[in-house]
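Chemist: Supplied in structure tokens, the structure appears directly below.
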Amino acid sequence: MIVNEFIPKPYKQLLERGAAAYSAPSNIALVKYWGKKAHQIPANPSISFTLDNCKTTTSLKFEKKTSEGFSFEVFLEGVLEEDFKPKIEQFFNRIEVYLPFLRTYHFVIETSNTFPHSSGIASSASGMSALALCLMQVEQQLNPDMSKEFFNKKASFLARLGSGSACRSIEGNLVVWGTHANIEGSSDLLGIKYPYEVHQNFTNYHDTILLVDKGEKQVSSTVGHNLMHNHPFAEQRFAQAHSNLDALISVLKSGDLSTFIRIVESEALTLHAMMMSSDPYFILMKPNTLEIINKIWAFRAQTGLHICFTLDAGANVHVLFPEAEAKEIQEFIKTELAVHCQNGHFIEDKLGQGAQPIKN
Ligand code: DP6
């Protein structure tokens with residue numbers, strides 16, 4: 001599947017060498033992407049909050065080479081990372097047609113995360129979007145007339161080909177990916193900024209990430225997505241994602257936090273229900289994930305505060321809450337929930353504005 005819009009005209013000039021650098025945030029889905037078709041096309045639309053503190057910073061140096069094929073080295077926190085190579089090689093293969101300079105240069109890629117690599121926080125969204133943005137910055141140097149709008153669109157399009165959720169990590173602070181009948185401009189090919197009115201209840205919305213299990217996931221997202229093929233509940237699930245996103249449009253406008261909570265928690269549990277009912281089945285939640293969920297429910301019932309949770313493909317819990325209730329909820333997290341985290345570790349984050357170029 002080739003998308004002509006993103007194939008560049010022959011470059012006017014090719015530089016001998018140069019550099020690029022970007023930081024890109026992680027994101028947390030409210031309506032989940034789980035299941036995909038060929039060419040990284042999502043089985044259903046999703047929407048996410050762009051985060052602020054959890055991000056990847058990547059810098060890239062490039063220099064003309066004479067050898068054939070792709071040539072690159074990747075360093076994570078200054079250490080050569082052979083393990084990242086296959087994923088990047090696959091990414092380069094998928095995007096080569098859109099970035100013909102990929103075979104012209106040798107790349108030195110240096111990357112670091114603000115969150116610990118072993119935290120169980122998915123680094124593929126921020127990592128792949130930061131890399132896609134660096135590559136777009138190279139293209140911009142070869143084709144300086146590019147508009148900011150096109151730059152972001154193509155960056156999201158490329159990031160998707162690295163990791164689906166990465167296409168939602170270019171812009172802030174609510175991003176939709178996947179075609180939805182009632183969201184104008186939505187596309188299976190890239191993430192767009194949520195185009196409608198958002199109530200002030202969602203301004204500065206918080207996401208505190210409770211690190212329940214910092215280990216490697218037993219089942220990768222890619223394997224999990226594939227298990228949605230022939231899944232007995234797949235069609236109902238994909239239809240549900242469409243209707244949940246539809247319902248969110250009015251919730252985001254009205255600021256109705258109770259309905260927001262109902263949709264977001266149901267999405268999280270449905271995601272894990274899909275894992276538990278696939279063949280083979282698996283469970284990524286841990287006992288502490290459930291301890292935390294139960295405590296959140298009890299605290300909400302007792303206080304009436306609008307605290308809720310969501311999960312991604314792992315045991316960690318994302319605790320979501322509005323700015324107006326932040327003080328009390330943060331206190332509750334420290335005193336009641338942190339004990340269920342590995343080494344008491346959690347990360348306070350909130351809505352962010354999207355990726356940023358790094359000067360020099
Ligand atoms: C559970 O984007 O990591 O976080 O496209 O195979 O790289 P690939 O998968 P990935 O899947 C993330 C799934 C999720 C839900 C979501 O972010 O929407």
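The values are calculated or read from the model by the stated rules, or taken from the named source; none is laboratory data. Source: prediction; values computed, not measured. Every residue, glycine as well, gets a Cβ built from its backbone with ideal geometry; the counts of neighbours run over all protein chains shown. The area values use the complete protein model at the heavy-atom level, side chains included, leaving out ligands, DNA and RNA. Shrake-Rupley method; radii C 1.70, N 1.55, O 1.52, S 1.80 Å.
Chemist: Where in region 234-347 are there helices (runs of 4 or more DSSP H), lying wholly inside it, with at least 1 residues that are of a type outside the set (G, A, S), open to solvent by 10 Å² or more (accessible area, probe 1.4 Å) and within 15 Å of the ligand (Cβ to nearest atom)?
Modeler: Those helices (runs of 4 or more DSSP H) span 234-254, 257-276.
Chemist: Tell me, yes or no, whether region 96-119 has at least one residue that is at pLDDT 95 or above, surrounded by fewer than 23 Cβ atoms within 10 Å (Cβ to Cβ) and under 22 Å from S186 (Cβ atoms).
Modeler: yes
Chemist: If you don't mind, another one. Name the residues in region 216-236 that are of a type in the set (V, I, T) and in contact with a Phe, Trp or Tyr (Cβ under 7 Å, 6 or more places away or on another chain), would you?
Modeler: V219
Chemist: A further question follows. Go through the residues of region 152-170 one by one and say whether even a single one is surrounded by fewer than 20 Cβ atoms within 10 Å (Cβ to Cβ), on the phi < 0 side of the Ramachandran plot and either within 14 Å of the ligand (Cβ to nearest atom) or acidic (D, E) (or both).
Modeler: Taking region 152-170 first, the residues surrounded by fewer than 20 Cβ atoms within 10 Å (Cβ to Cβ) are none.
So far as region 152-170 goes, no, none of its residues is surrounded by fewer than 20 Cβ atoms within 10 Å (Cβ to Cβ), on the phi < 0 side of the Ramachandran plot and either within 14 Å of the ligand (Cβ to nearest atom) or acidic (D, E) (or both).
Chemist: While we're here: Can you find a residue that is within 16 Å of the ligand (Cβ to nearest atom) and assigned by TED's automatic domain parsing to the domain that holds P144 anywhere in region 56-63? Don't jump to the end; show me each part of the working.
Modeler: Of all residues in region 56-63, those within 16 Å of the ligand (Cβ to nearest atom) come to 56.
Checking which are assigned by TED's automatic domain parsing to the domain that holds P144 leaves us with 56.
Within region 56-63 (the criterion being within 16 Å of the ligand (Cβ to nearest atom) and assigned by TED's automatic domain parsing to the domain that holds P144), the answer is yes, since at least one residue qualifies.
Chemist: Quick one: in region 171-205, which of the residues that are within 16 Å of the ligand (Cβ to nearest atom) and of a type in the set (F, W, Y) is surrounded by the most Cβ atoms within 10 Å (Cβ to Cβ)?
Modeler: In this case the residue turns out to be W177.
Chemist: Among the residues of region 28-47, is any away from the ligand (no atom under 16 Å from the Cβ), assigned by TED's automatic domain parsing to the domain that holds L158 and either open to solvent by 10 Å² or more (accessible area, probe 1.4 Å) or modelled with pLDDT of 95 or more (or both)? I'd like the intermediate steps shown before the answer.
Modeler: Narrowing region 28-47 to residues away from the ligand (no atom under 16 Å from the Cβ): none.
Looking through region 28-47, none of the residues is away from the ligand (no atom under 16 Å from the Cβ), assigned by TED's automatic domain parsing to the domain that holds L158 and either open to solvent by 10 Å² or more (accessible area, probe 1.4 Å) or modelled with pLDDT of 95 or more (or both).
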